[in-house]
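Heads up, the thing below is written out as structure tokens.
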Amino acid sequence: MMKFTVYHATKPTFGFGEKPVFPEAYDKIAIVECEDVDDVFRATNHIDHDWRMNPEVIESFKDRVRSTSVGDVMVDAEGHTFYCDRIGWTEI
């Protein structure tokens, strides 16, 4: 398990239009402990309840959150930064 910091775009484009600039155009949303970025994606999506209730979520920083989507960013404990692309992840 590894800690990831989750960032959501402040003005999400959901993969359409110009990509937001990281970190300027992002809000720090949560810290989660997961196996990999795919697991982070699952843990930070509203499926059948508010994702902040998931056991992987160590801390959340906003009162209202949306599900993680295309255009959002994850940073692992080693500083690797991953952009949620239309298909998969792109390291930035």
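The values are calculated or read from the model by the stated rules, or taken from the named source; none is laboratory data. Just so you know, these numbers come straight off a predicted model, no measurement behind them. A quick note on method: Cβ atoms are made from the backbone with ideal geometry, for glycine too, and the neighbour counts reach across all protein chains shown.
Structural remarks
- Any hit, the stretch 12-35, residues being polar (S, T, N, Q) and under 12 Å from the mean Cα position of the chain (by Cα): no
- Residues satisfying the stated conditions in the stretch 37-92, i.e. over 12 Å from H8 (Cβ atoms) and small (G, A, S): A43, A77, G79, G88
- Residue tally, condition free of Cβ contacts under 8 Å to residues at least 60 places away in the same chain and among the small types (G, A, S), over the stretch 70-92: 2
For every residue, the table says whether it meets (1) on the phi > 0 side of the Ramachandran plot; (2) surrounded by 13 or more Cβ atoms within 10 Å (Cβ to Cβ); (3) modelled with pLDDT of 95 or more; (4) assigned to a loop (DSSP other than H, G, I, E, B).
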| position | (1), (2), (3), (4) |
| --- | --- |
| D39 | no, yes, yes, no |
| H49 | no, no, yes, yes |
| R52 | no, yes, yes, no |
| K62 | no, no, no, yes |
| S69 | no, yes, yes, yes |
| G79 | yes, no, yes, yes |
| I87 | no, no, no, yes |
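- When we screen I29, I92 for residues that are surrounded by 19 or more Cβ atoms within 10 Å (Cβ to Cβ) and not aromatic (F, W, Y), the only hit is I29.
- Residues that are under 16 Å from D39 (Cβ atoms) and without any contact (Cβ under 8 Å) to a residue 60 or more places away in the chain, drawn from the stretch 59-68: S67
- V6 touching a helix residue (DSSP H, G or I) at 6+ places or on another chain (Cβ under 9 Å) and within 14 Å of F82 (Cα to Cα): yes
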